[in-house]
Amino acid sequence: MADPAVAILLFQVAQSRNFIHDDLIPALSKELARRGVANQIFEATLPSIDAHDAGDTAALDALAAQVRGRFSVCVYARIWSEGIFQRLRALLPDVVWVHMGDPRMAFPGTTHALSSIQVPALEAIARAVAEGRAVDASVSQLPTVELTRAHAGVNLTRVTVGPQARPDRPAVVHGSAGC
């Protein structure tokens, strides 16, 4: 039996004054670790909002190379382009894809769609996948967990390629409720 491990994927765009508010992702990561589920946050910086449509996929390829063979569950909370998601699915065909956030925002091909506070459900999915079991449909009925802002960058890996690499910065920024 393998230990459960989850890759949590974040995406930024290398445009000036652009940064997305992902403050509950570190809290999700911390809660998963507290429950004994190893996880790593990967932040990929794309050169533009339409990077996939423009054929610029080097950052996605680099991200997939870091995840491949290490994680069998990938969580995404926010991807603005179905093309980006489908490219990652093609690069990582054996991964179980979990959307955390508004389940209506999950792209076709997502294996499970959960609200961001359904951490016990994510834990159950990760354990089932690690053990080679089918995920029981009742996992979505598990109790939720209240997440609060928790900032820790110790398990954050920034995936940067080429000129879009940006200086190191905090993984989250507050005060941007309109993002």
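Which is over 15 Å from Leu9 (Cβ atoms), assigned to a helix (DSSP H, G or I), at pLDDT below 90 and open to solvent by 20 Å² or more (accessible area, probe 1.4 Å), of Arg127, Arg104? Working first, answer last.
Details: Arg127 fails: at pLDDT below 90.
None of the others qualify; the one that does is Arg104.
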Do you know which residues across the stretch 80-94 are open to solvent by less than 20 Å² (accessible area, probe 1.4 Å) and in contact with a helix residue (DSSP H, G or I) (Cβ under 8 Å, 6 or more places away or on another chain)?
Ile84, Leu88, Leu92
What pairs come up if the first residue lies in the stretch 70-97 and is more than 15 Å from Phe42 (Cα to Cα), the second is part of a helix (DSSP H, G or I) and of a type outside the set (S, T, N, Q), and their beta carbons are under 6 Å apart, counting only those six or more places apart or on different chains?
Arg87/Leu60; Leu91/Ala64; Val96/Val129
Which numbered condition in (1) in contact (Cβ under 8 Å) with a residue 60 or more places away in the chain; (2) assigned to a loop (DSSP other than H, G, I, E, B) is the only one that Arg133 fails?
(1)
Has the stretch 70-78 got at least one residue that is over 19 Å from Ala128 (Cβ atoms), basic (Lys, Arg), at pLDDT below 80 and open to solvent by 40 Å² or more (accessible area, probe 1.4 Å)?
yes
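The values are calculated or read from the model by the stated rules, or taken from the named source; none is laboratory data. The model shown is predicted, which means the values in this text are computed figures rather than measured ones. So basically every Cβ, Gly included, is an ideal-geometry build from the backbone, and we count neighbours across all protein chains shown. Ligands, DNA and RNA are excluded from the accessible area calculation, which covers all protein heavy atoms including side chains. Shrake-Rupley method; radii C 1.70, N 1.55, O 1.52, S 1.80 Å.
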